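Below: one structure, written as structure tokens.
The values are calculated or read from the model by the stated rules, or taken from the named source; none is laboratory data. Remember, predicted model here, so these are calculated numbers, not experimental data. Glycine also receives a Cβ, built like all others from the backbone with ideal geometry; neighbour counts cover every protein chain displayed.
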Amino acid sequence: MTCWSARICTRWRRLAIALVIVAPSAIASAQQTQAPAPMNMADHRGALLGRVRNAQGAPVADTPVTAVNEENGAQFVSTTDAQGAYEFGALPMGKYTVSTASAGLVTFRRRGVDIAMDGKATLDIALDAKSAAEAAEGERQELLQKIASLEQRITDLETTAVLSEPETRVRRVEVYVDPTGQQHDEPVPGAKKEVTYLRERTYRRQTISEKIDAALEDAAKHQVTVGVDAAMATQFAARTRGETDPNNGAYALASADLFFTAGIAQNTLFFADIVGLSGAPPDSEIGTLTLINGYTARLVEQNSLNLREAWLRTEVFKNRLAITAGRLDLTNYFDANAFANDESTQFISDALVNNQMLGLAVNGVGAATEFDAKHGFRLKFGFQQSSPEPTSLGDSLFTLSEVGYTFTPFALPEGTYRVWFRTDNSEPDVIRKGVGLSFDQKLSPAVGLFARYGQQETDLGHDRFYSAGVSFQHGFILNPEDTWGVGYANMNLKTGEKENLIEGYYNLLLTEKLRLSFHLTGVIDTPEGGDKFGYIFPGIRFQAAF
Amino acid sequence: MLNRYLRITVAGTIVAAACAGAAVSLEAQGVKIADPTSVVMIVNRDSNDIAFMDIKTKKMVGSVFLGNNVNPHMVMMSPDGRYVVTGGTRANKAYIIDTKTLQLVKVIPTDIAPEHLAFSPDSRWYYQGNPDGDSISVIDMQSLSKIKTIPGFAEPLNVTFLPDGSKAYIGNYGAHWVGVVDVRRHELIKKIQIADVPGVAKLDPDKYLGEIHGINIAMPSPDGKYLYAADGTLGIVGVIDPREDKVIKHIRVGKDPWRIYMGHDGKYAITPNNGDETISIIDLKSNSVAATLEAGPNMTGVNFAAGKAFVISSTSGFVYVYDMNSLKPAGRIKMGTNIQLETATTDTKDEKLYLAESTNHEVIIIDAKTNGIERVRNVGLFPWGTHIMDSKDNYCH
């Protein structure tokens, strides 16, 4: 070989030396990897042979003899020949349980038969009563051992599985602390009662679903709840009397109410109601004295979002006194007639939703208190800003008081009777007053009557309003939760304006969250200084609430 | 005269000595409860025991520990007063306690999650409902062994026997039918459908397919002539004639009635309607709703005493009271704030209620006449229900 250069030659030389040094260890290493692994125990085998005889000593032919490795459960079977001989030529070494069975019953059983490497063990089997008894006892012992082992495993599982762990929770407790600072469970002289918190541990096993439900429930308590009440009310107008325009018309009003509720302290709730209205009700063109579509009552703007209400409510004195304060629709809390109070599920005409003599045009800042003794009597008082213009509450103060009583008169089902009184100082230098009565009385579980009466002061005298009707539920209906009703309202103002209104509706419950209702409203109005006119308004309301 | 006094003194001494001797003898025999009607049984879910409180002294007589994680649900004494039994919901076992000695005499495996139970009137059979196993375990109280498991139910909650013990009625909370069991054969022989599911059900899968609040119990009227079964999802009570095992009338009540409770005078029954937080008072003569009155949230029970109905509102901390003559609300009794009320039993004189309150581990005794309350604290962890032998208001959640 010719060296290309001294440098290259030097490199080859170094490589050769390295090879000489490394080669022996590499060869040794290779030898190590190529060396056969220590033999598996299964490769060390031994034989087992013997004869099976019956109680009389005669050979038992064609009987399977089973050998089960006690360490790993490996099972081997050999069958006896005509002389009753059996043989396991190559059993992996270890200890074996050898048995025979007849018609499902173990007739012989021997534990701990040792198979040694390259050995030849002999086990002659005598199938007599003694061997059968021994076999049965062996089976029993093994079964008991298995049961004990299973019980232990269950106990281990119970004590270590997550859902069986002791549950810890914190409890509020009253303790007594004496002047030396020692805490006692029971009162002792000189001790002061104090409240403290204590962790306690209980053994309660819960299923996974119970744990999940509890966690979800706990999470829900800390969340703001959102409710939706969306409705689409379509009404048609057909003139029945007079010459007023329009003659025929179709109107649709869509409403979406969003409710936000959150529990913020003990017995204290925050509530906000944002409503959006879009479209036009018949009232946008037809000048009836009361609103044909009650959705627009006390809402100033349409086609925009309105904050209808936002208030805090707290309950004190064992929850008997409820105080609500914030932006309110005070009429929600007064004259709450059970059968004619909700434009979203009952009558749609405002004359059959509210007492028109309550006389509140807008929502505003205010407060409502309700004392409910839970004996049937209720006392309510509230005040509210009655006009958005004045900055001082004293210049636009609307007050409302009510006394109500729920009872079961004359062996009838329950009825609620109430009387209210209101004042309003929104007009300069005058306090206008109004008074009203209202009742809802069930005649039977299916039929209920309602009526309202109200009057209010004006410069000319007293305006008057009344309404009455009948409502049906749980009877004369298509589906179990349907309701329907017929109502009449009359308004008579001192200015000469009058209105007679009649409405019938049927509210069909499609699902818990979906309702469809049909309305037919007829109205005859006498405007101030004008001619009478009349309309009928067939309509459909589709409502989703969840 | 002196002779007379002497005789009285001697007689008195003998009687006193005899009583003392008997007491000592009973004690020597390990007798802890000589009169089974003298105690209130309290089932403590989380301390896994049944506690016994003396009605007169309001002291704890003793308790029987059943084992960790047993979580007993309902306790009941056999009509003959010999045994007290409970189902260990998380142990899947029935526990039988000797009333006199308060010894746990037998533990019997049942099906999954045993909860409510009932005895046949002759005390022979103990039917243990297993809501998660959809079965009833039949336990023979003579041999203290389970002789059969009756399958085929749907979340069986409560069992009621006819007064003659011939049939048992099983409320299925996971279905709209009541099961009729022939007690001689211990076989489910009929399924009485309480009402049709309305046609609109298919539009409302959330309500009808999501979860069934079916029938909690078929409750016999006090005269034993009819059974009343409230169906939660359907909001109705079906009146069953047990002679033909047919529903003879439907009574529409409020939303999601939990179950029906019978007044003691046989005039009225009440369903607490958790769906709309009302109660419906049912006139048992006309089988119609006489009044629907405002109540509270999460109602778990109704007890009757002193002419009033006491309705337990579990999470509000109130018991609502109603005058059963005028059918008017008669106020509320505040039991506490941030507490959880469970169920109650009424004593046999209809004077006092024993209400389990689990948050503070106490039993609250309500005087039905005055509405006054008295607390017995530390009765065990999470007292879940109470029971008095022969009470007309022995029930569970």
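Being away from chain A (no Cβ under 14 Å) and either basic (Lys, Arg) or touching a strand residue (DSSP E or B) at 6+ places or on another chain (Cβ under 6 Å) (or both) narrows it down to one residue among B:Ala344, B:Ala290; which is it?
Answer to the check: B:Ala344.
Tell me the residue from A:Thr526, A:Thr521, A:Thr495 that is in contact (Cβ under 8 Å) with a residue 24 or more places away in the chain, surrounded by fewer than 17 Cβ atoms within 10 Å (Cβ to Cβ) and among the β-branched types (Val, Ile, Thr), please.
Among A:Thr526, A:Thr521, A:Thr495, only A:Thr495 is in contact (Cβ under 8 Å) with a residue 24 or more places away in the chain, surrounded by fewer than 17 Cβ atoms within 10 Å (Cβ to Cβ) and among the β-branched types (Val, Ile, Thr).
Given the options A:Val353, A:Val435, name the one that is among the β-branched types (Val, Ile, Thr), away from chain B (no Cβ under 14 Å), over 30 Å from A:Pro538 (Cα atoms) and surrounded by 15 or more Cβ atoms within 10 Å (Cβ to Cβ).
Going through A:Val353, A:Val435 in turn, just one is among the β-branched types (Val, Ile, Thr), away from chain B (no Cβ under 14 Å), over 30 Å from A:Pro538 (Cα atoms) and surrounded by 15 or more Cβ atoms within 10 Å (Cβ to Cβ): A:Val435.
With respect to A:Asp118, determine if the residue is part of a loop (DSSP other than H, G, I, E, B) and over 30 Å from B:Ala91 (Cβ atoms).
yes
Suppose we filter region A:347-381 for residues that are farther than 19 Å from A:Thr406 by Cβ and of a type outside the set (A, V, I, L, M); how many remain?
Qualifying residue count for the region: 9.
This table checks each residue for (1) farther than 26 Å from B:Ser78 by Cα; (2) under 16 Å from the mean Cα position of the chain (by Cα); (3) at pLDDT 95 or above.
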{"residue": "B:Tyr354", "(1), (2), (3)": "no, yes, yes"}
{"residue": "B:Glu357", "(1), (2), (3)": "no, yes, yes"}
{"residue": "B:Val363", "(1), (2), (3)": "no, yes, yes"}
{"residue": "B:Asp367", "(1), (2), (3)": "yes, no, yes"}
{"residue": "B:Arg375", "(1), (2), (3)": "yes, no, yes"}
{"residue": "B:His387", "(1), (2), (3)": "no, yes, yes"}
{"residue": "B:His397", "(1), (2), (3)": "no, yes, no"}
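Output the residues belonging to region A:503-513 that are of a type outside the set (Asp, Glu) and crowded, with 20+ Cβ neighbours inside 10 Å.
Hits for region A:503-513 are A:Tyr505, A:Asn507, A:Leu509.
Being within 23 Å of A:Leu437 (Cβ to Cβ) and β-branched (Val, Ile, Thr): is that true of A:Thr495 here?
no
Do we find that A:Ala272 is surrounded by fewer than 17 Cβ atoms within 10 Å (Cβ to Cβ) and either part of a strand (DSSP E or B) or in the same structural domain as A:Thr324 (by TED's automatic domain parsing) (or both) in this structure?
Details: surrounded by fewer than 17 Cβ atoms within 10 Å (Cβ to Cβ): no; either part of a strand (DSSP E or B) or in the same structural domain as A:Thr324 (by TED's automatic domain parsing) (or both): yes.
In short, no.
Which members of region A:317-332 meet the condition of being touching a Leu at 6+ places or on another chain (Cβ under 8 Å) and closer than 23 Å to B:Arg332 by Cα?
A:Thr324
What is the one condition in (1) under 26 Å from A:Met491 (Cβ atoms); (2) within 14 Å of another protein chain (Cβ to nearest Cβ) that A:Glu370 does not satisfy?
A:Glu370 satisfies every listed condition except (1).
Does A:Phe421 qualify as being closer than 22 Å to B:Leu327 by Cβ, at pLDDT 90 or above and away from chain B (no Cβ under 14 Å)?
no
Among the candidates A:Ser401, A:Ser387, which residue alone is among the small types (Gly, Ala, Ser), in the same structural domain as A:Ile502 (by TED's automatic domain parsing), surrounded by fewer than 18 Cβ atoms within 10 Å (Cβ to Cβ) and assigned to a loop (DSSP other than H, G, I, E, B)?
Numbers: A:Ser401 fails: assigned to a loop (DSSP other than H, G, I, E, B).
From the options A:Ser401, A:Ser387, the qualifying one is A:Ser387.
Working only within region A:68-93, note down all residues that are of a type in the set (A, V, I, L, M, F, W, C), in contact (Cβ under 8 Å) with a residue 24 or more places away in the chain and closer than 14 Å to A:Ile115 by Cβ.
Listed by number, the residues that qualify are A:Val68, A:Phe88, A:Ala90, A:Leu91, A:Met93.
If B:Thr343 satisfies all but one of (1) among the β-branched types (Val, Ile, Thr); (2) within 16 Å of the chain's Cα centre (by Cα); (3) within 19 Å of B:Ser38 (Cβ to Cβ), what's the number of the condition it fails?
The one condition B:Thr343 does not meet is (3).
With the checklist (1) outside any helix (DSSP H, G or I); (2) within 13 Å of another protein chain (Cβ to nearest Cβ); (3) small (Gly, Ala, Ser) in hand, flag the one item A:Ser209 doesn't pass.
(1)
So which residues in region B:347-381 are away from every other protein chain (no Cβ under 14 Å), touching a Gly at 6+ places or on another chain (Cβ under 8 Å) and β-branched (Val, Ile, Thr), if there are any at all?
B:Ile366
State all residues of region B:342-356 that are touching a Phe, Trp or Tyr at 6+ places or on another chain (Cβ under 8 Å) and either closer than 8 Å to B:Ala305 by Cβ or of a type outside the set (A, V, I, L, M, F, W, C) (or both); if no residue qualifies, say none.
Selection gives B:Glu342, B:Thr343, B:Thr345, B:Thr346, B:Asp347, B:Asp350, B:Leu353.
Taking A:Leu460 as the residue in question, decide whether it is more than 18 Å from A:Met357 (Cα to Cα), surrounded by fewer than 18 Cβ atoms within 10 Å (Cβ to Cβ) and either free of Cβ contacts under 8 Å to residues at least 40 places away in the same chain or within 14 Å of chain B (Cβ to nearest Cβ) (or both).
It is false that A:Leu460 is more than 18 Å from A:Met357 (Cα to Cα), surrounded by fewer than 18 Cβ atoms within 10 Å (Cβ to Cβ) and either free of Cβ contacts under 8 Å to residues at least 40 places away in the same chain or within 14 Å of chain B (Cβ to nearest Cβ) (or both).
What number goes with the only condition from (1) part of a loop (DSSP other than H, G, I, E, B); (2) in contact with a strand residue (DSSP E or B) (Cβ under 8 Å, 6 or more places away or on another chain); (3) not hydrophobic (A, V, I, L, M, F, W, C) that A:Asp245 does not pass?
Unmet condition: (2).
Which residue pairs have Cβ atoms closer than 6 Å, lie 6 or more positions apart in sequence or on different chains, and pair a first residue in region A:126-149 that is within 18 Å of A:Val52 (Cβ to Cβ) with a second residue that is assigned to a strand (DSSP E or B) and among the aliphatic types (A, V, I, L, M)?
A:Ala135/A:Val106
Could you check how many residues of region A:480-533 are more than 14 Å from every other protein chain (Cβ to nearest Cβ) and over 20 Å from A:Ala468 (Cβ atoms)?
Adding up the residues that qualify gives 14.
Kindly evaluate B:Arg243 against the criterion of being within 22 Å of B:Ile192 (Cα to Cα), part of a loop (DSSP other than H, G, I, E, B), in contact with a Gly (Cβ under 8 Å, 6 or more places away or on another chain) and away from chain A (no Cβ under 14 Å).
In short, no.
When you scan region A:404-412, do you find a residue that is within 14 Å of another protein chain (Cβ to nearest Cβ) and β-branched (Val, Ile, Thr), even just one?
yes
Go through B:Gly238, B:Gly266, B:Gly301, B:Gly232 for me and flag whichever is in contact with a Cys (Cβ under 9 Å, 6 or more places away or on another chain) and away from every other protein chain (no Cβ under 12 Å).
The conditions single out B:Gly301.
Here is a list: B:Gly224, B:Gly266, B:Gly199. Which entry is closer than 25 Å to A:Glu512 by Cα, out of contact with any Leu (no Cβ under 6 Å at 6 or more places or on another chain) and either modelled with pLDDT under 95 or not aliphatic (A, V, I, L, M) (or both)?
After applying the criteria, what remains is B:Gly199.
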